[in-house]
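In what follows, a structure is listed as structure tokens, so that the remarks can point back to it.
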Amino acid sequence: MENLFIQIFNMGVAAGWLILAVLLLRCILRNMPKNMRCILWGYG
């Protein structure tokens, strides 16, 4: 049970870093087309 909790916790941390990276890219690339934003979230 503890191993499952650690695995879920690690996936949550990894997802948090991925969301942070996508948000950072959106701030850097403000002038990108709207369809590219959807692609960015889809490939993340």
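The values are calculated or read from the model by the stated rules, or taken from the named source; none is laboratory data. The shown structure was predicted, so the numbers you read here are calculated from the model rather than taken from an experiment. In this analysis, Cβ positions are derived from the backbone assuming ideal geometry, glycine residues included, and neighbour counts consider all displayed protein chains.
Looking only at segment 27-34, decide whether some residue is at pLDDT below 85 and in contact with a helix residue (DSSP H, G or I) (Cβ under 7 Å, 6 or more places away or on another chain).
no
I need the full set of residues from segment 7-32 which are of a type in the set (D, E, K, R) and touching a residue at least 12 places away in the same chain (Cβ under 8 Å), in order please.
Quick first cut of segment 7-32, residues of a type in the set (D, E, K, R) only: 26, 30.
Once the filter is applied, which keeps residues that are of a type in the set (D, E, K, R) and touching a residue at least 12 places away in the same chain (Cβ under 8 Å), segment 7-32 yields only Arg26.
Listed residues Leu4, Leu40, Leu24; which is at pLDDT below 80 and over 8 Å from the mean Cα position of the chain (by Cα)?
Numbers: Leu4 fails: at pLDDT below 80; Leu24 fails: at pLDDT below 80.
None of the others qualify; the one that does is Leu40.
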